[in-house]
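**Q** Please read through the structure below; I'll follow up with questions.
The values are calculated or read from the model by the stated rules, or taken from the named source; none is laboratory data. Keep in mind the model is a prediction, meaning the values are calculated, not measured. Positions of Cβ are backbone-derived with ideal geometry, glycine not excepted, and every protein chain shown enters the neighbour counts.
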Amino acid sequence: MLKLHTIVASTRPGRAGLSIGTWFHGIASAHKDFQAELIDLKAVNLPFFDEPHHPRLRQYMHQHTKDWSATIDAADAVVFVMPEYNHGFTAPLKNAIDYLSHEWADKPVGFVSYGGVSAGTRAVQLLKPVTTAVGLVAAGEVNIPFYAQYRQDETFTPPESFNDAANLMLGRIAKVGATLKAQRQVLVAA
Ligand SMILES: Cc1cc2nc3c(=O)[nH]c(=O)nc-3n(C[C@H](O)[C@H](O)[C@H](O)COP(=O)(O)O)c2cc1C
């Protein structure tokens with residue numbers, strides 16, 4: 001079993017992100033290869049990055065950083081559920097990534113993006129160099145255009161094809177994740 005954290009990257013009141021994250025988390029929870037957890041960046045509530053040292057040193061001063069470090073350390077894989085703001089990724093997501101370094105490394109990352117006609121794809125493409133910089137390994141994406149038509153009363157119910165796309169990505173994350181987990185264990189033992 002791999003521990004998969006689905007991380008909701010939007011924090012504004014009335015956001016769609018939590019309902020889409022909840023949908024994806026439901027699929028991940030039903031997948032045989034994962035122990036799934038839903039992480040909401042609104043609830044994590046990190047301030048703007050306020051550590052004096054580079055995260056590579058892991059000399060964290062603040063309890064919120066130590067807690068966030070423990071949360072991501074526990075994951076074998078992560079999926080970012082992310083909208084596109086002005087053709088880019090959200091500030092809370094970049095902030096949450098910047099807080100840490102080793103905790104992300106050598107783990108697969110999937111992207112669930114949503115928006116209008118662009119389906120959040122521009123934000124995903126801009127985020128990839130960032131996730132690569134911290135050692136995350138891109139393992140697939142699900143892009144949802146015109147997401148609002150599938151959202152009612154805070155519940156997101158897309159057509160079956162999106163469930164299939166999510167499961168396809170999860171299958172790839174499971175394969176890549178198992179390899180990377182084994183490799184991380186070798187590195188720890190060495
Ligand atoms: C600040 C801001 C910028 C936005 N920019 C884009 C954009 O560039 N492309 C797009 O497809 N939608 C854009 N939208 C619309 C979002 O896709 C839509 O509001 C979506 O619900 C945002 O995700 P959230 O509800 O989880 O915050 C923007 C929304 C906001 C609030």
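**Q** Being modelled with pLDDT of 95 or more, farther than 18 Å from S19 by Cβ, surrounded by 18 or more Cβ atoms within 10 Å (Cβ to Cβ) and not β-branched (V, I, T) narrows it down to one of L136, L168, L126, so name that one.
**A** On the way: L168 fails: surrounded by 18 or more Cβ atoms within 10 Å (Cβ to Cβ); L126 fails: surrounded by 18 or more Cβ atoms within 10 Å (Cβ to Cβ).
None of the other options fit; the residue is L136.
**Q** Right, here's the next one. Look through region 152-165, keep the residues that are within 18 Å of S10 (Cα to Cα) and modelled with pLDDT of 95 or more, and return whichever of them is surrounded by the most Cβ atoms within 10 Å (Cβ to Cβ).
**A** F156
**Q** Still on this structure: Identify all residues within region 136-153 that are touching a residue at least 60 places away in the same chain (Cβ under 8 Å) and under 20 Å from the mean Cα position of the chain (by Cα); write none if there are none. Give the derivation first.
**A** To start, the set of residues in region 136-153 that are touching a residue at least 60 places away in the same chain (Cβ under 8 Å) comprises 139, 142, 144, 147-148, 151.
Within region 136-153, A139, V142, I144, Y147 qualify.
**Q** If you don't mind, there's one more thing I want to ask. Could you check region 57-82 and list, in sequence order, the residues that are touching a Gly at 6+ places or on another chain (Cβ under 8 Å) and under 9 Å from H5 (Cα atoms)? Explain how you work it out, then say what you get.
**A** Looking only at region 57-82, we keep the residues that are touching a Gly at 6+ places or on another chain (Cβ under 8 Å), and these are 76-82.
Within region 57-82, D76, A77, V78, V79, F80 qualify.
**Q** Can you confirm whether region 70-92 contains a residue that is more than 13 Å from the chain's Cα centre (by Cα), more than 13 Å from the ligand (Cβ to nearest atom) and more than 22 Å from Q185 (Cβ to Cβ)?
**A** So in region 70-92, the residues more than 13 Å from the chain's Cα centre (by Cα) come out as 70, 73-74, 84-88, 91.
Then keep just the ones that are more than 13 Å from the ligand (Cβ to nearest atom); that gives 70, 73-74.
Filter once more, so that each one left must be more than 22 Å from Q185 (Cβ to Cβ): none.
Checked region 70-92: no residue is more than 13 Å from the chain's Cα centre (by Cα), more than 13 Å from the ligand (Cβ to nearest atom) and more than 22 Å from Q185 (Cβ to Cβ).
**Q** Take the residues of region 3-34 that are among the aliphatic types (A, V, I, L, M) and either surrounded by 22 or more Cβ atoms within 10 Å (Cβ to Cβ) or outside any helix (DSSP H, G or I) (or both): which is nearest to the ligand (Cβ to nearest atom)?
**A** So the first thing to find is which residues in region 3-34 are among the aliphatic types (A, V, I, L, M), and the list is 4, 7-9, 16, 18, 20, 27-28, 30.
Okay, now just the ones that are also either surrounded by 22 or more Cβ atoms within 10 Å (Cβ to Cβ) or outside any helix (DSSP H, G or I) (or both), so 4, 7-9, 16, 20, 28.
Details: L4: 20, I7: 13, V8: 8, A9: 8, A16: 4, I20: 7, A28: 18 Å.
Checked region 3-34; the qualifying residue nearest to the ligand (Cβ to nearest atom) is A16.
**Q** So is A75 in contact (Cβ under 8 Å) with a residue 24 or more places away in the chain and either among the polar types (S, T, N, Q) or in a loop (DSSP other than H, G, I, E, B) (or both) or not?
**A** On the way: in contact (Cβ under 8 Å) with a residue 24 or more places away in the chain: yes; either among the polar types (S, T, N, Q) or in a loop (DSSP other than H, G, I, E, B) (or both): yes.
So A75 fits the description; yes.
**Q** Moving to a separate point now. Among the residues of region 123-171, what is the count of those that are in contact with a strand residue (DSSP E or B) (Cβ under 9 Å, 6 or more places away or on another chain) and in a loop (DSSP other than H, G, I, E, B)?
**A** Count: 4.
**Q** Taking interchain pairs and intrachain pairs at least six residues apart, which have beta carbon atoms under 6 angstrom, with the first residue in region 113-127 and touching a residue at least 60 places away in the same chain (Cβ under 8 Å) and the second part of a loop (DSSP other than H, G, I, E, B) and near the ligand (Cβ under 7 Å from one of its atoms)?
**A** Y114/G120
**Q** Then there's this: Residues in region 179-190: is at least one under 20 Å from V8 (Cα atoms), free of Cβ contacts under 8 Å to residues at least 60 places away in the same chain and exposed (fewer than 12 other Cβ atoms within 10 Å of the Cβ)?
**A** Applying the first criterion (under 20 Å from V8 (Cα atoms)) to region 179-190 yields none.
Taking every residue of region 179-190 in turn, none turns out to be under 20 Å from V8 (Cα atoms), free of Cβ contacts under 8 Å to residues at least 60 places away in the same chain and exposed (fewer than 12 other Cβ atoms within 10 Å of the Cβ).
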